Amino acid sequence: MANLWRKLTYHDGNGWWNLPHGPSNELNPPHEGPIGGAWLMNMFRTMTHGGVEHAGPGFYWLVGAALGIITLLEVWLFGVEGLGGWYIPILLGLSVLKFVGVVAFFMHLRFDHRMFTYIFTSAMIIGILIFSLILLFAEIAFTPPNVF
Amino acid sequence: MTQAATTEHHAPVEDTSTGLNSRKLMMWAFLGSDVMFFGAFIATYLVYRGKSLIGPYPSEILNIPITSVSTFVLLMSSLAMVLGLHYVKTGEKNKATLWILAVVVLGAIFMGFQFVEFREFAHLGLTPRTNIFGTTFFILTGIHGAHVTIGVLWMAFLAYGSHKGTLRADNSLDLEIAGLYWHFVDIVWIVIFTVIYLISATDGPPPGMESVIHG
């Protein structure tokens, strides 16, 4: 179990969640294995052709396929009855997965300079906080006028 | 102006106070502000969700299968975008042009879906002035559609540049910055699709109002 955890969370010897220090405009950042561990890295190298350690077309196709499958799953869930209170949390979870997939790999935040991650994440946190408060106040203290 | 220096790893470093490319930094800052912009409209939609006193309601009008297809198209345009950027960076001009052109085509298809959807809704009696659902729905999806339109035009310009050979590996940052914008438009739609379509698609009249509305 500890080994599995290490493989999932470690990235080239560093914690996977550690953001890269690299410059902002490297053409092919050398530390682009999405997740660490020998078997995952081997699979990654196979998919990205030629054993290179940066993301290539194969990897992008893989991410694209994952995004498509998650979308199919969401639509399938829409037709499933009996999920009850689980429906919205599951959908939001899948939505977050897709969101992170695009931002981390297609927008290269996972491999780019950490400053960009800080900027975008700060905006997300502030935005979510403010709009959560708006929704909260609207729910408990303010009834929007039924205009039409 | 910035100049690129080369490190011992042959990775260019921007000669700026931050060490980051200023244009790219500006785009990320813009995207951060756009998060707030879209967040405001999404929050407004949620505040007024289920408050419409007259129809059509989401449950009567939203078409999940059709929107799922358009969502898939937009996701695939993001894939085409990142592939286009990869091939520009590796100097494979024809492949790069093809994939950037694919972004344009897929983006245009998405816009087509949205146009047909808006027209269908109008035909069924839902306009921005019909009810509060119509107002919040059309403003949010319309602004997103405007973003897509700008992105399609931008990509068309870059596809032409790639075809003519003016977009190359050494100035691939032009495409990378446009790509950031395009992917952002995609992730906004990921949220809209979940919140407006999948979660709200069963919304009807406000609780307790059905008997009043329908007599």
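Descriptive notes on the structure:
- Qualifying positions in the stretch B:38-57 - outside any loop (DSSP other than H, G, I, E, B) and in contact (Cβ under 8 Å) with a residue 24 or more places away in the chain: B:F38, B:F41, B:I42, B:T44, B:Y45, B:L46
- Selection from the stretch B:58-89 of residues that are surrounded by fewer than 21 Cβ atoms within 10 Å (Cβ to Cβ), touching a Gly at 6+ places or on another chain (Cβ under 9 Å) and either facing another protein chain (nearest Cβ under 8 Å) or outside any helix (DSSP H, G or I) (or both): B:I64, B:F72, B:M76
- All positions within the stretch B:21-37 that are facing another protein chain (nearest Cβ under 7 Å) and either touching a residue at least 24 places away in the same chain (Cβ under 8 Å) or within 12 Å of B:I196 (Cα to Cα) (or both): B:N21, B:K24, B:W28, B:L31
- Residue in the stretch A:107-114 that is under 15 Å from the mean Cα position of the chain (by Cα), acidic (D, E) and surrounded by 17 or more Cβ atoms within 10 Å (Cβ to Cβ) present: yes
- Residue match in the stretch A:128-143 (condition: within 19 Å of the chain's Cα centre (by Cα) and at the interface with chain B (Cβ under 7 Å from one of its Cβ atoms)): no
- Selection count, the stretch A:77-89, where residues are of a type in the set (A, V, I, L, M, F, W, C) and more than 10 Å from chain B (Cβ to nearest Cβ): 3
- Candidates B:L62, B:L101, filtered to the one that is among the hydrophobic types (A, V, I, L, M, F, W, C), closer than 25 Å to A:F131 by Cβ and touching a residue at least 12 places away in the same chain (Cβ under 8 Å): B:L62
- The single condition from (1) assigned to a helix (DSSP H, G or I); (2) under 12 Å from the mean Cα position of the chain (by Cα); (3) charged (D, E, K, R) that A:E74 fails is (2).
- Tally, over the stretch B:13-33, of residues that are buried (at least 18 other Cβ atoms within 10 Å of the Cβ) and of a type outside the set (K, R): 9
- The stretch A:125-135, residues that are buried (at least 17 other Cβ atoms within 10 Å of the Cβ) and within 28 Å of A:G64 (Cβ to Cβ): A:G127
- Flag: B:D170 does not match the condition of being within 14 Å of chain A (Cβ to nearest Cβ) and either under 30 Å from A:A66 (Cα atoms) or hydroxyl-bearing (S, T, Y) (or both).
- Checking B:I143, B:I132, B:I100 one by one, the residue that is among the β-branched types (V, I, T), surrounded by fewer than 20 Cβ atoms within 10 Å (Cβ to Cβ) and either over 17 Å from B:W189 (Cβ atoms) or modelled with pLDDT of 95 or more (or both) is B:I143 and no other.
- Identity of the residue in the stretch A:106-127, part of a helix (DSSP H, G or I) and at pLDDT below 85, that ends up farthest from the other protein chains (Cβ to nearest Cβ): A:R114
The values are calculated or read from the model by the stated rules, or taken from the named source; none is laboratory data. From a predicted model like this one, the values you see are computed outputs, not experimental measurements. So basically every Cβ, Gly included, is an ideal-geometry build from the backbone, and we count neighbours across all protein chains shown.
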